[in-house]
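Notes for the one structure printed next.
The values are calculated or read from the model by the stated rules, or taken from the named source; none is laboratory data. This is a predicted model, so every value here is computed, not measured. For neighbour counting, all protein chains shown are included, and Cβ atoms are generated from backbone atoms with ideal geometry for every residue, glycine included. Note: areas computed on protein heavy atoms with side chains; ligands, DNA, RNA excluded. Shrake-Rupley method; radii C 1.70, N 1.55, O 1.52, S 1.80 Å.
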Amino acid sequence: MSDNIGKELLKEGKRRQVSMVTSQISSKRNRLIYSVTRFVPRPLQWMVPIVLENLKKSPIKLDNFKPYKKLKKSQKFIKLFKKLPKPIQNQFTLNLEVEETELTLEESIPEQVVKAKIKPLYLKYPCEIGNPLWCDFPNQAVEQSSDAKYCQICRFPALLAPGIKIRGSKEVYQVENYLGHRGIGRFYQAIQTSTQEVSIIKEYLLPKRYFNATETRQFKDMFLRLGGFRLADNRFQDFRLILPWEAIADANQERCYLVYKTNLYTAPTLASYLEKTGAMTNGQVHSVLLQVLQSLDCLHRQKFRLRSGLVRQGIYHGNINLETSIIVPNLQGFFIYLCDPALWEDLFYPEPGELPAKSVRQDLKDLGNLAFYLLAGNSIDGTYGYALDPMLDANWPKSVNPELKNFILDLMELGERQFDSAEMARLALLKIPVYLVDTVEFTEIEQPVAEKKKWNWRQFLWWVAGISSVLLIGYLIWFLLMRSRSQTEDQAIPCCVDKVSGFPPGIFAYTAKQNDTWHRILLGQNLIRQGTTLQAELVERLNPGAKDGQEPPQIQLIYLPQASATDAIAKVRNGEAYFSIASLVSVEKFYRNLLYRDLEYKIIASDSLVFFVAFGYDEREKSIPTYLNGQITFEQLRQLYTGKITNWQQLGGPDMPVKLYIPNQPEAVELFEDVVLQDPNLIQEFRELQKSQRQANSFVATRPLISQPNSMTELLRSIIGDFEQEQQVGAIAFGPLSQVFNQCSVYPLALKADNQTPISPLIQNNQQPITPQNDLCNNKGSYGPNLDELISQRYPLVYPLALVYLKDNRRLPVGQKFGEVMRTVEMQRLLTKTGLIPIEPLPREQFKK
């Protein structure tokens, strides 16, 4: 008991003396700065914080200050020290033999950066320091034997030895050296064996003492589904989140890997920044907050597609701290990047019950703590080793801007306001002028009124002239860059097939699914022009010299349709076909399977799902499109396809029973589940409804019948037949736009996604949307696909068509070259005539027939 009391007294005495000394230093420094800057004219005072930030700050040496010398010479202090128990005295060195009595403490002096204490982790392994990720013994095990799998002391998984190869779905990586640890994993530098490009690999562990064989397998599967994501509409948007290139689960060891193709992952973290440079200024913290709030706003509000293919509305970061925030300097200051979201980091925590629930407010609260630590210069108390408490004023720097401090407390839910979103917090932060954040201490400087007016007018004119010049120069630079970029992009994509070089001559087989999109557009008559097919057009364009029959074709492509997409891909993998063409929904399904990681794909066009109903011309006023005003919402589709709506009267339509159709295309049904139904409960209801209809007909009276014809032609005929029979049935179905837009007997409905405006898949040539009053049969050629909305993917059910080939440099590059051919402007124009969507906008005249 007495030992603890003496130790606490000693620490408290030291803390109070050090606090008094540093307070005096800070006070003298502020008075000195004020005495110098008071002579700076008010219009130029904005320069002062910038100058002060860039001045090299020397460390504070307390030995030169009298209060510290008095502390060391205090006889009362020495007598108190001698009365303490021996165990406490042994923690210090007391030297009384020199002429001046001195007391040298082994603890760190205030100006040194106090390192964070090691957080205990994996306690089932008897690591000497309590956390094997920080320990050096796993590294020593590898140094002693490159085959070592475990630490010789505690049996924790050892580091990866240099030279070890890791096989992923896209590349094979060879480990070069260990770089360090972060969060719940360790990361290494590696190279891609095929290109020798440098990559960063982060290793996650599933130690056997925490995860059994079943749990390890389940977590690996979950990791492959969750280890990375992208925007659901495939747009590129830099919202400063470092995302992995691919996820790998080791089949033989308790390890998983994320591969990063950017060196940003190894850039300094905010934790290392604080350790080297100390606390940030008010203005720097303001910039950090603004950037991270922008990133969180994008992360919370946008739709993302996971590696599993599922679409999720918003993702919480759930892991914002000094270690997961990367700082990258630039000419204007710095950028802040976030990394290691909880989506996959939390999978590997040995004690998942200790993790807080993820939410928007939790992300904002974590950001508030981050900002507080940046201002304080550390996250832990240098004396006691506990986390700094933001409710203690002593833990805040004296120079903190009051408005900024209140905002940070609000983020941490310790203030008067609460923010429900990152956008709300960002708007509140913008109300704190950034130019006042670091100059608050200079706002009370007084200047003579006459001199102030004279100087302000002169400075105002200079500022107007300077800003105008900068804006003019910036506009000219932007104009030249955009013109150069436009010219470069125009030259990047070949205009014509004959501009594609390197296509090997010979006879090559390729494949696709029977009766799928490619099968129809390749062999369909009259889609491009009267009396011809896309297949004939391909032969002619690939062999321009054989047009008149004077010489045999040099390039011959033999089409081998298969019963399923799986069979088609198998033909490519076993060497019977050079490439296959399928929807990207199918391709991503294969990529999620470890057995198919040897494939590569290239997008050549897009298609989209459309929902359509019968279009009765004799009774158009009573037709379903008229009652629905030509559109339908996602919520109505969910109620229809889960059996909650059985009669069109429930949607304000005619008294007519509902009948549901789905295409005989599993990929289309999967896309419908992911994008429209979304909720797992609704998806389960939809699947149960399908099963119940297959098992019995007793549900027909109370629930709509779901039919799945063998082909799209049969489906279209069934819808028309249901509507024209004596007891009319109102059928609704969905299928590919490329197979529907020329079928005038059905009406494609405009889709209204959640909280969005309705978008029609078709549009008239005069850019007006089609309506139920348009005669689609008699006015063929006056309308077509709504390309602007489809190419931009604002229409919600667009999916790419991809060319799939084997990643094997030993094979002729037939798949790669055919992909280049199909991406030329010439072939994109032909594909558009078949009902497909080009990969990017083409000049309007390119679409004329």
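Structure summary
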{"quantity": "Karplus (6.51, -1.76, 1.60) ³J(HN,Hα), θ = phi - 60°, over the range 148-164, in Hz, Gly and Pro reported as x", "calculated": "5, 9, 9, 5, 6, 8, 10, 6, 6, x, 6, 5, 6, 6, x, x, 5"}
{"quantity": "Computed over the range 729-849: relative contact order in percent, which uses C-alpha pairs under 8 Å that are six or more apart", "calculated": "22 percent"}
{"quantity": "Sulfur and carbon atoms: percent of accessible area, the range 309-370 [1.4 Å]", "calculated": "55 percent"}
{"quantity": "Sorted largest first, extent of the range 163-294 alpha carbons per principal axis (Å)", "calculated": "50, 38, 32"}
{"quantity": "Zero-based 5 Å bins, Cα pair distances in the range 235-383, whole percents", "calculated": "2, 8, 16, 21, 20, 16, 9, 5, 2, 0, 0"}
{"quantity": "Cα Rg over Rh - the range 650-805, Kirkwood", "calculated": "0.96"}
{"quantity": "Hull volume in cubic angstrom per residue (convex hull over the Cα atoms of the range 195-259)", "calculated": "126 Å³"}
{"quantity": "Carbon + sulfur, % of accessible area of the range 699-849 - ligands and nucleic acids excluded, 1.4 Å", "calculated": "44 percent"}
{"quantity": "Förster radius 22 Å - calculated FRET efficiency between Gln218 and Asp147 (Cβ-Cβ, nearest 0.05)", "calculated": "0.15"}
{"quantity": "Net charge, Pro126 excluded, C-beta distance under 13 Å - Lys, Arg +1, Asp, Glu -1", "calculated": "+2"}
{"quantity": "Rg to Rh, two decimals, where the range 320-399 supplies the alpha carbon set and Rh follows Kirkwood", "calculated": "1.01"}
{"quantity": "Convex hull volume per residue for the range 641-686, taking Cα atoms only, in Å³", "calculated": "83 Å³"}
{"quantity": "Heavy-atom accessible area per residue - the range 272-397, 1.4 Å, Å²", "calculated": "40 Å²"}
{"quantity": "Packing-based ranking, highest mean first, of 708-719, 284-295, 206-217, 364-375 given that Cβ atoms within 10 Å are counted", "calculated": "364-375, 284-295, 708-719, 206-217"}
{"quantity": "Projected-area average for the range 234-285 over all orientations - Cα convex hull basis, square nanometres", "calculated": "6.4 nm²"}
{"quantity": "Around Arg638: net Lys/Arg minus Asp/Glu count, Cβ-Cβ under 14 Å", "calculated": "-3"}
{"quantity": "Cα point-scatterer Debye curve for the range 305-353, base-10 log of I(q)/I(0) at q = 0.16, 0.17, 0.32 Å⁻¹", "calculated": "-0.64, -0.69, -1.16"}
{"quantity": "Subset of Lys119/Lys220; Lys571/Lys752; Lys165/Lys276; Lys571/Lys602 violating a 28 Å alpha-carbon distance limit", "calculated": "Lys571/Lys752; Lys165/Lys276"}
{"quantity": "Where the Cα pairs of the range 741-806 fall when distances are cut into 5 Å bins, in %", "calculated": "3, 16, 25, 21, 16, 10, 5, 3, 1, 0"}
{"quantity": "Accessible area of Val328 in the full protein assembly, 1.4 Å probe (Å², nearest 10)", "calculated": "30 Å²"}
